[in-house]
1. Could you check segment 100-119 and list, in sequence order, the residues that are surrounded by 24 or more Cβ atoms within 10 Å (Cβ to Cβ) and farther than 21 Å from GLN33 by Cβ?
2. Of all helices (runs of 4 or more DSSP H) completely enclosed by segment 230-327, which ones contain at least 2 residues that are within 16 Å of the ligand (Cβ to nearest atom)?
3. Within segment 157-188, can you find the residues that are assigned to a strand (DSSP E or B) and among the charged types (D, E, K, R)?
4. Which number in (1) under 19 Å from the mean Cα position of the chain (by Cα); (2) more than 23 Å from ASN128 (Cβ to Cβ); (3) among the hydroxyl-bearing types (Ser, Thr, Tyr) marks the one condition that SER243 misses?
5. Restricting attention to segment 150-163, which residues are modelled with pLDDT of 95 or more and not hydrophobic (A, V, I, L, M, F, W, C)?
6. Just a yes or no: is a residue in segment 218-240 of a type in the set (A, V, I, L, M) and modelled with pLDDT under 95?
7. Those residues that are within 12 Å of the ligand (Cβ to nearest atom) and assigned to a helix (DSSP H, G or I), I need them from segment 208-229; list them, please.
8. Would you mind listing the helices (runs of 4 or more DSSP H) fully within segment 1-85 where at least 2 residues are modelled with pLDDT under 95 and under 30 Å from ARG309 (Cα atoms)?
Amino acid sequence: ESSRIAQSIGIALDRFIKNNQDEFAYASGELSQLLRDIALASKVVNREINKAGLIDIMGGAGSQNNTGDDQQKLDVLANIRFTRALAKGGEVCALISEEEESFTDLNNNGKYVIAIDPLDGSSNIDVNVSIGTIFSVYRRKSPIGTPITEADILQKGSEQVAAGYILYGSSTMLVYTTGHGVNCFTHEPSLGEYFLSKERLIMPEDGRIYSINEGSANSFSEGVKKYVQYCKDQKYTARYIGSLVADFHRNMLKGGIYIYPSTAKDSNGKLRLMYECNALAFIAEQSGGKATDGKNRILDIEPTSLHQRVPFYVGSKEMVEKAESLL
Ligand code: P6P
């Protein structure tokens with residue numbers, strides 16, 4: 001069974017990383033090792049998510065993260081798993097996480113800085129809806145061996161050397177880019193490995209799916225209201241899973257737009273620049289899509305704080321441009 005599976009699917013992730021190593025910004029073994037460390041941690045998190053119904057790791061952890069979100073136990077577990085894997089790998093000097101107030105200083109000899117949302121959409125855990133991990137990789141700016149500086153931590157999205165997400169869905173997928181296109185890997189549980197399932201994924205330039213929480217429609221700007229009405233007039237399909245990685249991944253494959261605009265509750269929207277929007281913006285652009293805050297390219301936004309929020313318009317290029325034209 002396992003040999004038949006192995007023959008019928010693509011190249012294994014480790015082999016793919018090795019084969020494409022010369023594409024990496026530094027052509028360095030460290031970035032390859034870093035991607036392998038992330039993949040390993042995701043396999044452990046995947047196993048814990050799949051057991052969520054069986055052992056007592058569902059529901060709230062009774063604590064809150066620094067931005068007041070109730071932490072789900074799997075949030076806490078995922079943050080620990082990714083932090084440990086990246087600390088052990090030795091390639092990372094600093095880690096920015098949704099689950100931590102400040103950055104975590106890992107290893108002054110590390111070359112890379114990681115920004116991560118260990119488990120996004122975690123409120124969906126208890127109702128068995130797909131959830132995801134989102135990560136960005138930056139080169140440190142300060143010399144190796146010196147203390148971490150703010151310049152290392154607050155880098156704009158265009159400085160990313162890699163970005164990706166893991167979608168813990170009906171199958172678990174790892175999707176990432178190192179600036180040379182987007183490749184998708186599917187986890188094969190019986191072999192415990194990721195295998196290439198989509199090479200050089202291109203997001204459809206246009207689409208007919210719009211993804212926005214219309215529960216907040218009364219507080220949308222006139223422009224957002226106009227665009228939502230336009231989608232209805234065009235008889236587009238509304239799909240809102242309430243789990244960013246799931247909504248984003250669907251649009252990557254089928255075409256579509258995901259919008260989290262300013263609302264009465266969050267004047268800058270709800271999503272975070274450093275560990276949600278930058279990574280997905282990099283992936284969107286690498287697959288021919290577009291990502292803005294309604295006006296400015298996400299990857300050009302100069303960050304001012306670790307957990308800053310930005311309005312997020314991301315997906316098929318034609319759809320994002322149409323939305324922007326009405327804002
Ligand atoms: P709302 C989940 O909490 C999340 O961060 C994203 O995964 C998701 O797209 C969004 O928030 C949902 O937010 O306000 O529509 O429930």
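The values are calculated or read from the model by the stated rules, or taken from the named source; none is laboratory data. Since the model is a prediction, treat every value here as computed from it, not as a measurement. All Cβ positions, glycine included, derive from the backbone under ideal geometry; neighbour counts span all protein chains shown.
1. Result: ASP117, LEU119.
2. In segment 230-327, 244-254, 278-286 are the helices (runs of 4 or more DSSP H) which contain 2 or more residues that are within 16 Å of the ligand (Cβ to nearest atom).
3. GLU188
4. (2)
5. ASP152, GLN155, LYS156, GLY157, SER158, GLU159, GLN160
6. Narrowing segment 218-240 to residues of a type in the set (A, V, I, L, M): 224, 228, 238.
Among the residues that remain, those that are also modelled with pLDDT under 95 are: none.
Checking segment 218-240: not a single residue is of a type in the set (A, V, I, L, M) and modelled with pLDDT under 95.
7. Step one: of segment 208-229, the residues within 12 Å of the ligand (Cβ to nearest atom) are 211-217, 219.
Across segment 208-229, the qualifying residues are GLU214, GLY215, SER216, ALA217, SER219.
8. On the way: elements: 2-8, 13-19, 29-50.
Hits in segment 1-85: 29-50.
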